[in-house]
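Here the structure comes first, spelled out in structure tokens, and everything after it is commentary.
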Amino acid sequence: MSAPDNNPQASPLPARGLRSQALHGAVTVPGDKSISHRALMLASQALGRTTIRGLLEGEDVLATAQALRQCGVPITRQADGSWQVDGVGIGGLHEPSDVLDMGNAGTAARLMMGLLAPYPYHVQFTGDASLRKRPMQRVITPLEQMGVQFWAREGGRLPLSMQGTDNPLPIRYVLPVASAQVKSAVMLAGLNTPGTTTVVEAEATRDHTERMLRFFGVTVDVNALSDSTEITVHGQPAQMYAERAFDVPADPSSAAFPIVAALLVPGSDITVRNVCLNPSRTGLFDTLQEMGADLTIENTREVGGEPVGDIRAKYSTLREANTPTERAPSMIDEFPILAIAAACAKGKSVMRGLGELRVKESNRLAAIIAGLRVCGVEAIENGDDLIVYGRGKPPAGGGPVTTHFDHRIAMSFLVLGLVSEQPVMVDDTRAIATSFPNFMSLMRDLGATLVEQAENASTAMHARRVIAVDGPAASGKGTLARRLADHFGIGYLDTGSLYRAVGMRVLYADQNPRDVAAAIAAAHAIQPHDLANPKLRGERIGQAASVVSAIPEVREALLEYQRNFAARDGGAVLDGRDIGTVICPDADVKIFITASLETRAKRRHKQLTEYGITVDYQSVVDDLAERDARDSARAVAPLKPATDAIILDTSSLSANEVFAKALELIG
């Protein structure tokens with residue numbers, strides 16, 4: 001049995017952005033998503049081992065890694081955070097062992113179609129609910145010209161089946177719309193196609209594929225014509241075995257969020273290090289400087305064939321934006337955050353040529369306008385143009401903003417909340433993990449006030465209190481702990497998720513959970529975004545968590561993380577099985593939740609059913625009984641109430657009654 005992954009219909013994780021003090025500090029945002037996808041794919045086509053440093057470990061890129069593994073490519077994450085890819089060479093991919101589930105990753109889906117096109121394999125692609133709405137016909141059309149057959153839903157949408165070809169035809173394809181993904185898909189197909197494959201683009205798009213192909217020794221010709229550019233890849237080149245190292249620079253699309261936040265929050269002065277400055281990606285920074293932004297680029301250099309630099313951003317008074325259509329491809333992912341800057345700038349901002357936004361993770365054009373309006377900003381759509389009327393000061397704010405499971409919409413409006421008159425609430429932050437897993441923690445490190453699931457955010461700065469909630473599995477401790485954290489506006493930590501996160505990291509690195517050294521390394525590497533990963537509830541990860549949680553060194557490694565969380569400003573609520581006895585023996589309030597085995601089994605069975613998991617009720621009873629016995633008898637931190645804990649039997653109480661009783665006991 002397994003829980004659904006990346007499911008926009010599952011329980012959302014709302015958050016608020018609140019007016020913040022000045023942001024300060026120097027940070028490094030995650031590796032560039034576009035480059036990370038391509039680094040894995042092209043390393044798979046090289047002969048020899050490629051060590052990739054700085055790879056984005058978001059859900060989208062992990063989907064690419066898993067798809068390549070299913071095609072026979074050994075890919076492992078190392079203890080130092082680097083990734084090793086043992087390339088199989090051009091033409092060396094195996095037929096996928098299963099359906100390729102690309103999650104929310106549109107880039108991965110389209111590029112993998114190109115990579116697998118010149119193989120005589122029948123391949124099936126699917127994705128989450130969001131990806132299944134996105135059009136694939138733009139990639140299907142040129143690949144069909146190369147001899148590939150497709151069976152897809154209307155509009156070329158996933159799920160789809162692809163029959164590759166062992167006799168691919170080189171083509172000359174003129175892009176009907178500016179799309180780096182289509183260009184790259186054709187070039188990747190051309191990599192294993194005899195002769196030369198050419199793509200013609202009227203508007204320049206991201207050239208990461210061209211640069212990286214050259215890095216891996218493939219000849220790529222770029223011919224500038226009067227009204228277009230021809231990019232030609234020479235297929236089936238001779239290859240030499242070699243050991244390589246590739247560094248992924250920081251993602252400019254991710255850097256945009258702290259940079260714009262610093263420009264808007266008075267007194268701010270931050271630096272974002274190691275940002276990719278590829279000319280096809282710097283449209284936002286050019287636009288911000290035109291708006292009067294105090295941006296400086298320092299320490300310029302080249303990394304992995306890409307220009308890189310550190311960007312310093314200081315608070316600035318901004319004027320309106322005016323972006324031409326030809327600039328749109330160089331900043332297509334940054335228009336949501338540019339719209340936030342425009343909302344705070346003075347004057348009428350016009351952003352042209354944004355039709356592509358309608359087929360992103362959501363209809364971003366509509367989502368931007370709806371979000372701005374609910375926050376008191378006038379914005380309209382005029383054809384493919386977006387017009388935002390800024391008043392030269394922060395807008396009213398408010399919300400809730402509907403994100404449509406779109407990571408960039410969520411992050412953009414949380415940034416708006418840092419300066420708006422009222423906090424801005426976004427309805428769901430889970431999708432942020434696809435591109436910027438540590439967004440919340442990184443922004444907080446700079447000084448931003450971002451509160452997850454805090455309906456009473458205004459109380460967050462009240463007197464600090466630590467609440468420990470312990471109890472056996474399915475007793476209701478997690479539900480109570482979350483509600484208490486929301487009520488008091490303080491942080492919440494499900495400590496059981498820490499062990500699941502350790503298990504997940506070990507499995508993602510293709511290591512054995514019983515490998516003590518691997519488990520300890522994973523425990524030391526845990527980041528806040530790991531705890532928000534939708535895959536944590538999977539059965540395999542649960543089994544791995546059970547194994548690693550029995551390792552004393554793992555528990556010791558996670559002890560510091562938990563205690564640091566409890567020490568945060570305002571306090572925290574932690575739930576688990578040894579919070580009041582081991583983790584926080586000095587907690588202000590200790591509650592031990594219990595319930596009869598029958599009651600807990602019914603609750604767990606209902607919860608699993610809601611997750612879409614089919615499981616026999618008696619097996620749930622047996623599993624809980626076994627866990628109770630194991631937890632109570634374990635040598636390290638056995639399950640038992642702290643001597644000063646409040647015992648709360650929830651067998652005959654509803655969740656609302658438990659919450660009310662807890663508030664009464666806490667006082």
Has the stretch 533-542 got at least one residue that is without any contact (Cβ under 8 Å) to a residue 40 or more places away in the chain and farther than 23 Å from P641 by Cα?
yes
What are the pairs with Cβ atoms under 6 angstrom where one residue, in the stretch 118-145, is within 28 Å of H404 (Cβ to Cβ) and β-branched (V, I, T) and the other, located anywhere, is modelled with pLDDT under 95 and part of a loop (DSSP other than H, G, I, E, B)? Sequence gap at least six, or different chains.
I140/G156
Hey, D631 hits all of (1) surrounded by 15 or more Cβ atoms within 10 Å (Cβ to Cβ); (2) more than 33 Å from the chain's Cα centre (by Cα); (3) modelled with pLDDT of 80 or more but one; which does it fall short on?
(3)
Residues in the stretch 73-80: is at least one in contact (Cβ under 8 Å) with a residue 24 or more places away in the chain, within 17 Å of the chain's Cα centre (by Cα) and assigned to a strand (DSSP E or B)?
no
Of the residues in the stretch 308-327 that are polar (S, T, N, Q) and not in a strand (DSSP E or B), the one that is modelled with the lowest pLDDT is T325
Do we find a residue being closer than 17 Å to L213 by Cα and either crowded, with 18+ Cβ neighbours inside 10 Å or at pLDDT 95 or above (or both) anywhere in the stretch 16-32?
yes
Tally the residues that are of a type in the set (D, E) and under 26 Å from the mean Cα position of the chain (by Cα), restricting the search to the stretch 287-301.
0
Looking at S330, is it within 28 Å of the chain's Cα centre (by Cα) and part of a loop (DSSP other than H, G, I, E, B)?
no
What pairs can you find where one residue is in the stretch 153-179 and in contact (Cβ under 8 Å) with a residue 40 or more places away in the chain and closer than 30 Å to S228 by Cβ, the other is of a type in the set (V, I, T) and in a loop (DSSP other than H, G, I, E, B), and their Cβ atoms are less than 7 Å apart, with a gap of 6+ or different chains?
M162/V148; G164/V148; T165/V148; P168/T193; P170/T193; A178/T205; S179/T205
Could you please let me know if S280 is within 21 Å of L55 (Cα to Cα) and either among the small types (G, A, S) or not assigned by TED's automatic domain parsing to the domain that holds D445 (or both)?
yes
Can you name the condition, by its number, that P324 falls short on among (1) buried (at least 16 other Cβ atoms within 10 Å of the Cβ); (2) over 19 Å from V260 (Cα atoms); (3) more than 21 Å from the chain's Cα centre (by Cα)?
(1)
Are any residues in the stretch 505-521 surrounded by 24 or more Cβ atoms within 10 Å (Cβ to Cβ) and under 19 Å from the mean Cα position of the chain (by Cα), and if so, which ones?
R505, V506
Please report, ordered by residue number, the strands (runs of 3 or more DSSP E) entirely within the stretch 95-169 with at least 1 residues that are within 20 Å of S179 (Cα to Cα) and touching a strand residue (DSSP E or B) at 6+ places or on another chain (Cβ under 9 Å).
157-163
Just give me the residues in the stretch 337-351 being buried (at least 18 other Cβ atoms within 10 Å of the Cβ) and either free of Cβ contacts under 8 Å to residues at least 60 places away in the same chain or hydroxyl-bearing (S, T, Y) (or both), in sequence order.
A342, A345, S349, M351
Counting only residues in the stretch 522-567 that are farther than 22 Å from S619 by Cβ, outside any helix (DSSP H, G or I) and within 25 Å of the chain's Cα centre (by Cα), the one modelled with the lowest pLDDT is identified as N533
Looking at the stretch 392-449, which of its residues are hydrophobic (A, V, I, L, M, F, W, C), in contact (Cβ under 8 Å) with a residue 40 or more places away in the chain, within 21 Å of S316 (Cα to Cα) and not in a helix (DSSP H, G or I)?
L418, V419, A448
Inside the stretch 642-665, can you point out the residues that are under 12 Å from K477 (Cβ atoms) and modelled with pLDDT under 80?
A655
Specify the residue that is nearest to I647 (Cα to Cα); the eligible residues are those in the stretch 580-626 that are under 34 Å from the mean Cα position of the chain (by Cα) and of a type in the set (D, E).
D623
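The values are calculated or read from the model by the stated rules, or taken from the named source; none is laboratory data. For clarity, every value in this text was computed on a predicted model and none was experimentally measured. All Cβ positions, even for glycine, are placed from backbone atoms using ideal geometry, and neighbour counts span all protein chains on display.
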